[in-house]
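Remarks on the structure that follows.
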Amino acid sequence: MLAPVMALAEDADSDRAHPMTFVKDSVITTKVKAKLADEKISTLAHVRVDTDKKGVVVLSGKVASQEEADKAIALARGTEGVTEVKSKVKISKEA
């Protein structure tokens, strides 16, 4: 009779980790976005930042030069909590 209650309790405990993971990912994303904004390079403000639960950051969007793409990658890599950076940033003169 207690087995279903114990199984339910286990499910509840495992769900507790998910909100914290989301908060951690959000913190990393916010830190990377803040670093990009601090650079005062207008196209870096348009770079999208996504972070997965393992600290992997994915950058996407358009920048005006390879130098700006490299800068975005370097800033992300230098952010606490980031384990890897994947870049899907495109170089476009229209950025």
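Computed values, structure above
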item: Filter on Lys53/Lys90; Lys33/Lys88; Lys62/Lys86; Lys54/Lys88 - keep pairs with C-alpha separation over 23 Å; result: Lys53/Lys90
item: Reduced Cα scattering model of region 28-95, Debye log10 I(q)/I(0), q = 0.18, 0.20, 0.27, 0.29 Å⁻¹; result: -0.55, -0.67, -1.20, -1.36
item: Net lengthening on full extension, Gln66/Thr83 (0.36 nm per residue, minus Cα-Cα); result: 3.9 nm
item: Potential lengthening between Lys54 and Asp38 on full extension [0.36 nm per residue; Cα-Cα distance subtracted]; result: 3.2 nm
item: Burial ordering of Val56, Val63, Val47, fewest other beta-carbon atoms within 10 Å first; result: Val56, Val63, Val47
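Throughout, read-outs are computed from the coordinates displayed, never taken from laboratory work. In this text the structure is predicted, and so the values were computed from the model without any measurement. When we count neighbours, we look across all protein chains shown, and the Cβ atoms used for this are built from the backbone with ideal geometry, even at glycine.
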